[in-house]
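Below: the structure, in structure tokens.
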């Protein structure tokens with residue numbers, strides 16, 4: 001009984017980490033793209049470099065969010 005409750009709890013925590021990790025990835029990507037698109041002084045062109053950097057930012061934010069939720 002206790003083992004089943006612990007397993008259910010760990011599944012809920014992992015599900016929450018996964019959901020918030022996806023939100024963090026998308027949010028970081030969008031913020032990165034918006035930064036490259038609208039920051040003054042940068043060319044307002046979204047190229048492959050900006051997309052790759054934004055994906056990197058999204059992955060870092062995802063990692064941070066999953067760590068934060070899993071504490």
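The values are calculated or read from the model by the stated rules, or taken from the named source; none is laboratory data. Fair warning: this is a prediction, and the values are worked out from it, not measured in the lab. As a convention, Cβ positions derive from the backbone with ideal geometry for all residues, glycine included, and neighbour counts pool all protein chains shown.
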* Name the single residue, out of those in the range 46-66 being over 16 Å from residue 30 (Cβ atoms) and at pLDDT below 90, that is surrounded by the most Cβ atoms within 10 Å (Cβ to Cβ). => 66
* Is it the case that residue 61 is in contact (Cβ under 8 Å) with a residue 40 or more places away in the chain and on the phi < 0 side of the Ramachandran plot? -> no
* Which of (1) without any contact (Cβ under 8 Å) to a residue 12 or more places away in the chain; (2) closer than 22 Å to residue 69 by Cα is the odd one out, the single condition residue 39 does not satisfy? -> (2)
